[in-house]
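A short reminder: the numbers here are calculations on the coordinates, not readings from a lab. Since we're looking at a predicted model, the values are computed, not measured. FYI the Cβ positions are ideal-geometry reconstructions off the backbone, even for glycines, and counts take in every protein chain you see.
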Amino acid sequence: MAKSPISMTVNGRATEALVEPRTLLIHFLREQLSLTGPHIGCDTSHCGACTVDLDGKSVKSCTMFAIQANGASITTIEGLAAADGTLHALQEGFREMHGLQCGFCTPGMIMRAYRLLQENSSPSEEEIRFGISGNLCRCTGYQNIVKAIQYAAAKMSGAEVREAAE
Ligand code: FES
Ligand code: FES
């Protein structure tokens, strides 16, 4: 099948590639760019494991073609930590509050939470639960995921983080 040139910014780097029109963004990220943080957890656009940030929105990267992302700016979980390796507050929060078990949902969950906190820096528990309702986790029961996001929100606002994980 004929390939088309695309260019985009991925995790701050200018990226150019040739893609088939049928290539999904998740396959492009994982197979052509070797960014395997975004996961594939379903065939139905339900699980959110493939979530990335695209031009300031959370996007399930299995729901669009790579060619549709031409010209876009994309951040995946690989682009969240600082260049020196310092974890983002959300990554730290998931670690400190035990917000993961198997970890399969975690990259998508963190990227969704990243956009949530960009849009609402001090969300209520209800707003967090609604905000991540498009991302499924079959391990944790969500309680510590919510705490991890609250931890990050508090840290990003400069507040002291007191509550320990259960
Ligand atoms: S892989 Fe499940 S929503 Fe994309
Ligand atoms: S930690 Fe296993 S699916 Fe969420």
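For the options Gly37, Gly12, Gly93, a Gaussian network treatment of the chain with springs between C-alpha atoms closer than 10 Å singles out Gly12 as fluctuating the most.
Summing charges over neighbours of Gln68, with a neighbour being any other residue whose Cβ is under 14 Å away from its Cβ, gives +1 when K and R count +1 and D and E count -1. Straight-distance candidates among the lysines for linking to Lys57, with alpha-carbon spacing under 24 Å and chain neighbours fewer than 8 residues away dropped: Lys147, Lys155. What separates the Cα centres of segment 119-153 and segment 1-61 is a distance of 24 Å.
Relative to the Cα centre, what is the charge dipole magnitude of the chain, using +1 at the beta carbon of each Lys and Arg, -1 at the beta carbon of each Asp and Glu, and rounding to the nearest 20 debye? Don't jump to the answer; show the numbers that get you there.
Details: 14 positive and 17 negative charges, 67 e Å.
With Lys and Arg at +1 and Asp and Glu at -1, about 320 debye.
What shape does segment 80-166 have by the C-alpha gyration tensor, where a ≥ b ≥ c are the square roots of the eigenvalues, rounded means a/c under 1.5, and otherwise prolate means a/b greater than b/c and oblate the rest? Cα axes put segment 80-166 in the rounded bin.
Candidates Thr63, Thr75, Ala89 compared by Cα position along the dipole of segment 48-166: farthest toward the positive end lies Thr63, with charges placed on Cβ. Comparing mean-square fluctuations of Asp43, Asp55, Asp84 from a GNM of the chain with C-alpha springs under 10 Å, the top value falls on Asp84. Between Thr9 and Ser157, the simple spin-label model (points 7 angstrom out along Cα→Cβ) gives 2.9 nm.
What Kirkwood radius, in Å to one decimal, follows from the Cα pairs of the chain? Can you show the working numbers first?
On the way: mean 1/r = 0.0616 Å⁻¹.
After inverting the mean inverse Cα-Cα distance, the result is 16.2 Å.
In terms of the mean number of neighbouring beta-carbon atoms within 10 Å, the peptides 59-68, 15-24 order highest first as 59-68, 15-24.
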